[in-house]
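Before any comments, here is the structure.
Rule-based calculations on the coordinates, nothing more; no lab input. Note that this is a predicted model, so its numbers are computed, not measured. Because the Cβ atoms are built from the backbone with ideal geometry, glycine has one as well, and the counts that use them run over all protein chains shown.
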Amino acid sequence: MPAGTLYRGREGMWSWVAHRVTGVLIFFFLFVHVLDTALVRVSPEAYDEVVATYKTPLVALLEYGLVAAILFHALNGLRVVAVDFWSKGARYQKQMLWTVMAIWFVLMVGALYPVLGHAVREVFGS
Amino acid sequence: MSADTTAATTDDVTLYDVDNPAPVIEPPRQRTKKTPRAPHKKGSNFEMYGWLFMRLSGIVLVVLVLGHLLIQLVLDGGVSKIGFAFVAGRWASPFWQAWDLIMLWLAMLHGGNGLRTIINDYAERDNTRFWLKMLLYTATAFTVLLGTLVIFTFDPNIR
């Protein structure tokens, strides 16, 4: 580690980095998502046309990535709240991060079929 | 102990007494009338309220956003069922209108404040920081207003 840096590495720093990165990604998605939803004020056809691109296999993969980012940000956010407001939060921050990662992994496995199932059927045939 | 040392100590002790007390030295880090204050932060707790808002809105957003993902991407065939008719069906209910409106406002303010923090952390030049934040505030206000307008003026019989 370079001398004089405030970065400490390990679970604490990397979860903080991941929280920032996922937060920025989600914010940019939200901006685009409000714009695409605004097309319902243009015409049903305009909206359905854009949403149709969201149902393609490539975008399904991006959706899975978005779900991954949102689930991490949500679960780690609850961990940050626990660190700040629970008297023993700071002491158990590492254990809480691994709990977050375990729940995240289970939910990501659970999201495989609902989010990517239709893409797999389209690419490999039903 | 030599007699000299004893004499010196005695000198110190006798320097001050009840009628002639030693000067009081302020303990370090105690605020006095002379302690300088940050010029424009006087009395403002904006950053503390921002910090609190991130945590409170975050907890609410976990419920709103994960519920939203469950409805849009998992239940009833996932993303395949989404279309104008699906949106019209959900926004016929004031409950889902309110859900989406609160989610929009909380998510944009939560994300906007998050990006403001990140800009403050990494943009070192005053000018860069100022213009990045102006861009952020403009984009945030535009998105919140557009989204609000869409939810309130949605017309299922537009065609």
- Query: Given a cut-off of 30 Å, what percent of all Cα-Cα pairs of the protein assembly as shown lie beyond it?
  - Reply: 49
- Query: Could you name the aspartates and glutamates in cross-link range of B:Lys81, using Cα to Cα under 17 Å and dropping any fewer than eight places away on the same chain?
  - Reply: A:Asp36, A:Glu45, A:Asp48, A:Glu49, A:Glu63, A:Glu122
- Item | Förster-model FRET efficiency, 51 Å R0, B:Leu70 and B:Glu26, C-beta, rounded to 0.05 | 0.30
- Dipole axis of chain A (+1 Lys, Arg; -1 Asp, Glu on Cβ), positive-most option in A:Phe29, A:Leu75, A:His118: A:Leu75
- Message: Using 0.36 nm times the number of residues separating B:Leu109 and B:Ile158, minus their current alpha carbon distance, what extension gain do you get?
- Response: 14.6 nm
- Message: Under a Cβ-only charge scheme (Lys and Arg +1, Asp and Glu -1), can you give me the dipole magnitude of region B:49-153 about the Cα centre, in debye to the nearest 20?
- Response: 60
- If the cut-off is a Cα-Cα distance under 18 Å, which aspartates and glutamates reach A:Lys94, setting aside same-chain residues fewer than 8 apart in sequence? A:Glu11, A:Asp84
- Item | Taking N as its residue count, the alpha carbon Rg of chain A over 2.2 N^0.38 Å | 1.36
- Within region A:43-126, report the trypsin sites (Lys or Arg not before Pro) that DSSP leaves as loop and that have at most 11 other Cβ atoms within 10 Å. A:Lys88, A:Arg91
- Query: If you rank A:Val21, B:Val87, A:Val83 by fewest surrounding Cβ atoms within 10 Å, what's the result?
  - Reply: A:Val21, A:Val83, B:Val87
- Over chain A: helical MRE at 222 nm, DSSP H runs n ≥ 4 each giving -39500 (n - 2.57), nearest 500: -28000 deg cm²/dmol
- Volume in Å³ per residue [convex hull over Cα atoms, computed for region B:49-153]: 122
- What is region B:49-153's relative contact order, in percent, from Cα pairs under 8 angstrom and six or more apart in sequence? 31
- Looking at region B:39-116, which trypsin sites (Lys or Arg not before Pro) are in a loop (DSSP not H, G, I, E or B) and have at most 11 other Cβ atoms within 10 Å? B:Lys41, B:Lys42
- Message: Under 23 Å between alpha carbons, and skipping anything fewer than 8 positions from B:Lys34 in its own chain: which lysines qualify?
- Response: B:Lys42
- Message: Please list 3J(HN,Hα) in residue order for region A:103-117, calculated via the Karplus relation 6.51 cos²θ - 1.76 cosθ + 1.60 where θ = phi - 60°; whole Hz, with x for glycine and proline.
- Response: 5, 4, 5, 4, 5, 5, 5, x, 7, 3, 5, x, 8, 9, x
